[in-house]
Amino acid sequence: MLFNELLKVAAEGDKQALGILYQMYQPRIIIMMSMLNDEFDEDLHQEQMICYWRCVKKFY
């Protein structure tokens, strides 16, 4: 499946597609967006995930 197709299906609510996208971007979300003072912050990670899912759903 092409990335655009995967994103479209995920935006429509397909849980498997959402999971695949999550696996693709999880390292970036954790390393680049969920760290505070060089430590993993669970609350920040949860906020980033909420934002991520909203962005996926609004993309299409």
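Observations on the structure shown:
- Leading residue by the ranking (nearest to LYS58 (Cα to Cα)) among those in the range 1-38 that are of a type in the set (Val, Ile, Thr) and at pLDDT 90 or above: VAL9
- Cβ-Cβ under 6 Å pairs, at least 6 apart or on other chains, the range 24-52 side part of a helix (DSSP H, G or I), far side hydroxyl-bearing (Ser, Thr, Tyr) and surrounded by 14 or more Cβ atoms within 10 Å (Cβ to Cβ): LEU44/SER34; HIS45/SER34; GLN48/SER34
The values are calculated or read from the model by the stated rules, or taken from the named source; none is laboratory data. Predicted, not measured: the structure shown is a model, and the values here were computed from it. Quick reminder, even Gly has a Cβ in these numbers, built from the backbone with ideal geometry, and neighbours come from all protein chains shown.
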